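*Asks:* This structure is in structure tokens; I'll ask about it shortly.
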Ligand SMILES: Cc1cc2nc3c(=O)[nH]c(=O)nc-3n(C[C@H](O)[C@H](O)[C@H](O)COP(=O)(O)O)c2cc1C
Ligand code: FES
């Protein structure tokens with residue numbers, strides 16, 4: 001294997017030394033935890049989704065696994081914007097990698113406020129979570145299922161910040177390509193795909209009750225990887241149609257556990273990969289492991305860069 | 001491994017002390033002292049608990065009625081069903097120890113009682129300092145005595161044993177009767193554990209402590225239990241940690257995070 005194989009990549013002008021990104025909601029509660037994940041090899045780290053007001057989230061159980069993946073309904077717990085600013089500032093100082101601030105809100109207008117507020121801590125990128133499935137009862141259908149609302153959210157966020165904006169999409173829609181086009185037209189600088197699939201449910205047969213307190217939860221991990229790869233593929237095809245594929249990066253997320261999974265994502269059109277459930281499966285140093293495996297594959301197959309693999313599964 | 005609660009029915013309920021009940025379950029948990037499980041009461045919530053007893057056919061958890069969850073847990077009866085997942089987390093060192101001193105404060109005595117039994121099985125000399133507010137909060141006394149543990153009691157009000165802090169007893173023991181102690185184990189309020197670390201340093205002894213933080217998953221994913229500034233996970237790199245690591249935990253004995261992730265000042269142990 002060639003030690004000099006370059007696995008760096010770029011997201012909206014930010015250079016990542018390797019293409020692995022900590023996905024939102026995993027280990028991203030505090031700045032010190034984000035820095036610890038960076039020490040374990042992540043090329044960039046994403047905070048847990050941040051909202052304006054403090055929220056406790058759902059009672060437990062909120063995260064369980066089954067033999068093919070994970071099901072979670074944490075319920076968007078957040079310490080609120082003020083506390084979160086301090087966490088991001090800490091991560092900015094100590095993580096040594098780009099910090100992506102994930103935000104959510106309950107109305108279009110509030111998305112503007114949270115974007116403006118979060119920008120004060122100067123994250124490298126803002127990821128807009130319009131796709132969380134776990135709080136529908138409170139927040140109505142997720143914003144991310146409607147192209148028009150998705151575009152409105154993107155526009156208001158862009159208007160309220162000068163930091164590049166990535167929009168995170170849900171796979172639980174008729175056409176993810178259509179949503180992707182809508183948010184790119186509205187000014188999105190990048191796309192993360194996908195958030196959790198489903199929602200799914202696991203029932204405890206001895207008590208005849210769903211285990212999660214929210215009953216249903218988002219499905220992640222290896223089970224959803226083919227869905228995630230297809231979504232990234234569709235989004236990249238849509239970007240090509242718009243002749244924007246060179247300008248808009250995609251963070252391919254969903255079931256990435258080994259280097260080969262990441263390579264699949266690049267070939268479908270991703271510029272980087274998000275890793276969440278993989279932390280459970282392979283440990284907190286999954287980022288270092290996946291980077292190494294990607295490098296190994298590239299050496300073996302003679303790929304000189306991540307960019308040279310991007311989108312090559314398309315005709 | 002699949003992280004789903006396994007349903008157990010409560011086999012026995014023991015009134016351990018005021019506000020404290022021990023729930024006994026049949027089955028092999030395969031845990032080691034210091035580890036914890038997540039207890040699910042369907043329709044209520046799920047919370048982490050240390051294992052307070054384990055043998056070849058049963059194990060036990062001791063619950064202290066402090067909040068909503070623990071109150072409904074303590075209201076459960078023999079035959080009631082609860083879910084248990086785990087065991088999770090790091091364990092106390094039990095090999096290569098000859099003389100051990102255990103310091104437990106309040107509900108922190110629970111994991112140490114399991115540890116004391118395990119150490120006695122390995123023929124380790126065990127001095128167990130139990131700290132409690134008063135006589136009625138003392139736990140496991142007879143169980144420990146019959147396992148051959150030297151029990152030392154400290155109460156805030158002097159209603160049993162020494163009137164004062166368990167850490168004062170520790171200091172004296174290390175200078176006298178337990179001068180050969182090669183390991184100190186502590187679990188309890190962080191203010192107590194901070195003093196234990198200072199004393200262990202002063203006497204040049206090894207020391208392991210068990211920490212507690214708000215937990216959502218228990219298996220290293222949610223990040224709710226991460227401590228500043230190391231960012232390590234109490235559910236995974238803990239709950240048992242050596243004193244050299246704990247000394248580097250900035251938030252130790254200062255604050256912890258609640259279920260929203262917000263920092264809250266430290267009030268004590270037992271969620
Ligand atoms: C426990 C857990 C919490 C999550 N919380 C968030 C969140 O707050 N915001 C968000 O945008 N995505 C959240 N996600 C979704 C992940 O970021 C990711 O999109 C999804 O899990 C698929 O990736 P994976 O298969 O690598 O886990 C969460 C996922 C999990 C498992
Ligand atoms: S409780 Fe979730 S990471 Fe520790």
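The values are calculated or read from the model by the stated rules, or taken from the named source; none is laboratory data. These numbers were taken from a predicted model, which means no experiment stands behind them. Because the Cβ atoms are built from the backbone with ideal geometry, glycine has one as well, and the counts that use them run over all protein chains shown.
*Asks:* With the requirement that a residue be more than 10 Å from every other protein chain (Cβ to nearest Cβ), within 12 Å of ligand 1 (Cβ to nearest atom) and out of contact with any helix residue (DSSP H, G or I) (no Cβ under 7 Å at 6 or more places or on another chain), what does the stretch A:30-54 give you?
*Replies:* A:46, A:49
*Asks:* Next up: Scanning for something under 19 Å from the mean Cα position of the chain (by Cα) and part of a loop (DSSP other than H, G, I, E, B), does the stretch B:74-83 turn up at least one residue?
*Replies:* So in the stretch B:74-83, the residues under 19 Å from the mean Cα position of the chain (by Cα) come out as B:74.
Right, trim to part of a loop (DSSP other than H, G, I, E, B) and you get none.
Taking every residue of the stretch B:74-83 in turn, none turns out to be under 19 Å from the mean Cα position of the chain (by Cα) and part of a loop (DSSP other than H, G, I, E, B).
*Asks:* Starting from residues that are part of a loop (DSSP other than H, G, I, E, B) and at pLDDT below 95, keep the ones in the stretch A:171-204 and report whichever is farthest from ligand 2 (Cβ to nearest atom).
*Replies:* We begin by selecting, within the stretch A:171-204, every residue part of a loop (DSSP other than H, G, I, E, B); these are A:171-175, A:186-189, A:194-196, A:202.
From what is left, the residues that are at pLDDT below 95 are A:172-174.
Values: A:172: 25, A:173: 29, A:174: 34 Å.
Only one residue tops the list, namely A:174.
*Asks:* Moving on. Please go through the stretch B:197-217 and pick out each residue that is surrounded by 22 or more Cβ atoms within 10 Å (Cβ to Cβ) and within 14 Å of chain A (Cβ to nearest Cβ).
*Replies:* B:215, B:216, B:217 - these are the residues of the stretch B:197-217 that are surrounded by 22 or more Cβ atoms within 10 Å (Cβ to Cβ) and within 14 Å of chain A (Cβ to nearest Cβ).
*Asks:* Quickly run through the stretch B:218-240 and pick out the residues that are in contact with a helix residue (DSSP H, G or I) (Cβ under 8 Å, 6 or more places away or on another chain), crowded, with 24+ Cβ neighbours inside 10 Å and on the phi > 0 side of the Ramachandran plot.
*Replies:* If the condition is that a residue be in contact with a helix residue (DSSP H, G or I) (Cβ under 8 Å, 6 or more places away or on another chain), crowded, with 24+ Cβ neighbours inside 10 Å and on the phi > 0 side of the Ramachandran plot, then B:223, B:231 are the ones that fit.
*Asks:* Scanning for something more than 16 Å from ligand 2 (Cβ to nearest atom), within 13 Å of another protein chain (Cβ to nearest Cβ) and within 23 Å of residue B:47 (Cβ to Cβ), does the stretch B:236-243 turn up at least one residue? Walk me through it before giving the result.
*Replies:* First pass over the stretch B:236-243, keeping only residues more than 16 Å from ligand 2 (Cβ to nearest atom): B:242-243.
Imposing the further condition that a residue be within 13 Å of another protein chain (Cβ to nearest Cβ) reduces the set to none.
Checked against the condition, which is being more than 16 Å from ligand 2 (Cβ to nearest atom), within 13 Å of another protein chain (Cβ to nearest Cβ) and within 23 Å of residue B:47 (Cβ to Cβ), the stretch B:236-243 yields no hits at all.
*Asks:* Go over the candidates B:256, B:194, B:263 one by one and state the one that is within 14 Å of another protein chain (Cβ to nearest Cβ), under 30 Å from residue B:135 (Cβ atoms) and more than 16 Å from ligand 1 (Cβ to nearest atom).
*Replies:* Values: B:194 fails: within 14 Å of another protein chain (Cβ to nearest Cβ); B:263 fails: under 30 Å from residue B:135 (Cβ atoms).
Exactly one of B:256, B:194, B:263 is within 14 Å of another protein chain (Cβ to nearest Cβ), under 30 Å from residue B:135 (Cβ atoms) and more than 16 Å from ligand 1 (Cβ to nearest atom), namely B:256.
*Asks:* Out of (1) modelled with pLDDT of 95 or more; (2) in contact with a helix residue (DSSP H, G or I) (Cβ under 8 Å, 6 or more places away or on another chain), what's the single condition that is false for residue B:248?
*Replies:* If we test residue B:248 against (1) modelled with pLDDT of 95 or more; (2) in contact with a helix residue (DSSP H, G or I) (Cβ under 8 Å, 6 or more places away or on another chain), just (2) comes out false.
*Asks:* Right, residue A:113: farther than 30 Å from residue B:40 by Cβ and either within 14 Å of ligand 1 (Cβ to nearest atom) or in contact with a strand residue (DSSP E or B) (Cβ under 7 Å, 6 or more places away or on another chain) (or both) or not?
*Replies:* Values: farther than 30 Å from residue B:40 by Cβ: yes; either within 14 Å of ligand 1 (Cβ to nearest atom) or in contact with a strand residue (DSSP E or B) (Cβ under 7 Å, 6 or more places away or on another chain) (or both): no.
When the stated conditions are applied, residue A:113 does not pass them.
*Asks:* Now for a different question. Which ranges mark the helices (runs of 4 or more DSSP H) fully within the stretch A:54-162 that have 1 or more residues being crowded, with 18+ Cβ neighbours inside 10 Å?
*Replies:* Numbers: elements: A:81-94, A:108-119, A:136-139, A:147-159.
Helices (runs of 4 or more DSSP H) meeting the threshold: A:81-94, A:108-119, A:147-159.
*Asks:* Ok, one more. Residues that are within 14 Å of chain B (Cβ to nearest Cβ) and within 16 Å of ligand 1 (Cβ to nearest atom): does the stretch A:156-176 have at least one?
*Replies:* Residues of the stretch A:156-176 within 14 Å of chain B (Cβ to nearest Cβ): none.
Within the stretch A:156-176, none of the residues are within 14 Å of chain B (Cβ to nearest Cβ) and within 16 Å of ligand 1 (Cβ to nearest atom).
*Asks:* If you don't mind, another one. When residue B:34 is evaluated against the numbered criteria (1) on the phi > 0 side of the Ramachandran plot; (2) within 14 Å of chain A (Cβ to nearest Cβ); (3) crowded, with 20+ Cβ neighbours inside 10 Å, which criterion, by number, is the only one it fails?
*Replies:* Result: residue B:34 passes all but (2).
*Asks:* Out of the residues in the stretch B:62-71 that are surrounded by 19 or more Cβ atoms within 10 Å (Cβ to Cβ) and touching a helix residue (DSSP H, G or I) at 6+ places or on another chain (Cβ under 8 Å), state the one that is farthest from residue B:111 (Cα to Cα).
*Replies:* Just the residues of the stretch B:62-71 that are surrounded by 19 or more Cβ atoms within 10 Å (Cβ to Cβ), to begin with: B:62-64, B:69-70.
Applying the additional criterion that residues be touching a helix residue (DSSP H, G or I) at 6+ places or on another chain (Cβ under 8 Å) yields B:62-64.
Values: B:62: 9, B:63: 12, B:64: 13 Å.
It comes out as B:64.
Each row is one residue, and each column tells you yes or no for (1) within 14 Å of another protein chain (Cβ to nearest Cβ); (2) under 15 Å from the mean Cα position of the chain (by Cα); (3) away from ligand 1 (no atom under 14 Å from the Cβ).
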site: A:229; (1), (2), (3): no, yes, no
site: A:233; (1), (2), (3): no, no, yes
site: A:268; (1), (2), (3): no, no, yes
site: A:271; (1), (2), (3): no, yes, yes
site: A:277; (1), (2), (3): yes, yes, no
site: A:280; (1), (2), (3): yes, no, no
site: A:286; (1), (2), (3): yes, no, no
